[in-house]
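As structure tokens, the structure follows; a few thoughts come after it.
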Amino acid sequence: MKARIIDGTSIALQVRREVARGVEEFCQKCGRSPGLHVILAGDDPGSAVYVRGKEKAAEEVGMHGKVHRLPADVDPEYLVKLVRELNADPAVDGILVQLPLPGGLPSQSILDAVDPLKDVDGFHPINVGALWSGLPGIVPCTPNGCMRLLREAGAHLVGARALVVGRSHMVGKPMSGLLLNAHATVTIAHSKTENLPDRCRDADILIAAIGRAKMIAGDWIKPGATVIDVGMNRDEHGKLCGDVDFAGAAEVAGAITPVPGGVGPMTIALLLENTLKAAIARESR
Ligand code: NDP
């Protein structure tokens, strides 16, 4: 294997330690701990696991909070009312609506109801607009985690050719905005992109956010490229894997994230960081 492994587990631990220190200072200064509230509707087992992970991580860094567990057929008006109550509660700094919401619930209007200052997922249109305008705002956790991994890996971004495969609101689009803000030359690919292998071969920085197991083959990678694999899939044996064929890509890339142990741990760590930043921003208003 040629590539250096970008160890998301240890970098995430470092971020969590930084947040824990920040929380301690915040508690001393403000006489309260930052509060994170999560809304979980329905009984999707994957979402339940993610939410438990977030709850535990928040407790470990000294935050307080609550998970609001609601049935899949919750009245959308009740959900919006709950969000508004949390917006008005001074002890709540961060509100996260666990996605995807069960079918039938109007996800966008529920996300729009979250106070942008408490929108620790960074999905409110005001925070989306801030990112694309290069203004301060709350940045979505997964792409922000990828940027931190790139920085920790020492990736040279200014003028680099960056390819983001995937254009979702949660990952691909904000990722490309962040890379653009960091002065990379950014291309966004998606399911209608022609000749994806050649696009990949041109990329100094390759971000895969597709959701297709091992779709990006080793011979699509430019020698020496930095590869960040956001994908979380199951392979034919039921084993967790990314969107990139890790074994093949690691022979060619300069640096690469594994799955698991790459982007995944960063998402929760950056959620904690966003919550602390939201708390500090609210206290200093
Ligand atoms: P979405 O399904 O919302 O988006 C997938 C994107 O991939 C779309 O833009 C789609 O294009 C594109 N795509 C699909 N097939 C192809 C193809 N054959 N060639 C090129 N592009 C293609 O997924 P998400 O962005 O939410 O998530 C992507 C992956 O990242 C998933 O595996 C998810 O589990 C994982 N993930 C991991 C996180 C973590 O913390 N590690 C957090 C969030 C997501 P089009 O728009 O044209 O349909």
Unmet criterion (only one of (1) assigned to a loop (DSSP other than H, G, I, E, B); (2) more than 16 Å from the ligand (Cβ to nearest atom)) for Arg151: (1)
Odd one out for Glu194 among (1) closer than 25 Å to Arg151 by Cβ; (2) without any contact (Cβ under 8 Å) to a residue 12 or more places away in the chain; (3) within 11 Å of the ligand (Cβ to nearest atom): (1)
Residue in region 8-30 that is of a type in the set (Phe, Trp, Tyr) and under 17 Å from the mean Cα position of the chain (by Cα) present: no
Residues (outside any loop (DSSP other than H, G, I, E, B), among the small types (Gly, Ala, Ser) and either more than 24 Å from Pro76 (Cα to Cα) or more than 14 Å from the ligand (Cβ to nearest atom) (or both)) located in region 99-146: Ser109, Ala113, Gly129, Ala130, Ser133, Gly145
Pairs where the first residue, in region 261-281, is within 14 Å of the ligand (Cβ to nearest atom) and the second is acidic (Asp, Glu) and in a helix (DSSP H, G or I), C-beta under 7 Å, 6+ apart: none
The lone exception for Leu96 - which of (1) in a helix (DSSP H, G or I); (2) crowded, with 21+ Cβ neighbours inside 10 Å it fails: (1)
Unique match (being modelled with pLDDT of 95 or more, in contact with a Gly (Cβ under 9 Å, 6 or more places away or on another chain), within 14 Å of the ligand (Cβ to nearest atom) and of a type in the set (Asp, Glu)) among Asp229, Asp204: Asp229
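Yes/no per residue for (1) crowded, with 24+ Cβ neighbours inside 10 Å; (2) over 16 Å from the mean Cα position of the chain (by Cα); (3) under 23 Å from Asp202 (Cα atoms):
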| position | (1), (2), (3) |
| --- | --- |
| Gly224 | no, yes, yes |
| Gly231 | yes, no, yes |
| His237 | no, yes, no |
| Ala247 | no, yes, yes |
| Ala250 | no, yes, yes |
| Ile256 | yes, yes, yes |
| Gly261 | no, no, no |
| Met266 | yes, no, no |
Test: residue in region 145-159 that is more than 18 Å from Pro265 (Cα to Cα), crowded, with 22+ Cβ neighbours inside 10 Å and touching a residue at least 12 places away in the same chain (Cβ under 8 Å): no
Those residues of region 51-83 which are of a type in the set (A, V, I, L, M, F, W, C) and part of a strand (DSSP E or B), in sequence order: Val67, Leu70
Pairs, first farther than 17 Å from Ile221 by Cα and more than 12 Å from the ligand (Cβ to nearest atom) in region 233-247, second assigned to a loop (DSSP other than H, G, I, E, B) and basic (Lys, Arg), C-beta under 8 Å, six or more apart: Asp235/Lys214
Residue satisfying condition, being out of contact with any strand residue (DSSP E or B) (no Cβ under 8 Å at 6 or more places or on another chain), without any contact (Cβ under 8 Å) to a residue 40 or more places away in the chain and within 22 Å of Ala269 (Cα to Cα), within set Glu85, Glu55, Glu24, Glu60: Glu24
Residues of region 207-222 satisfying the condition of being surrounded by fewer than 19 Cβ atoms within 10 Å (Cβ to Cβ) and within 16 Å of the ligand (Cβ to nearest atom): Gly211, Arg212, Met215, Ala217
Any hit, region 150-160, residues being at pLDDT 95 or above, basic (Lys, Arg) and touching a helix residue (DSSP H, G or I) at 6+ places or on another chain (Cβ under 6 Å): no
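The values are calculated or read from the model by the stated rules, or taken from the named source; none is laboratory data. Note that the structure is a prediction, hence the values are computed from the model and not measured. Methodologically, a virtual Cβ is constructed for each residue, glycine included, from the backbone with ideal geometry; neighbour enumeration extends over all protein chains shown.
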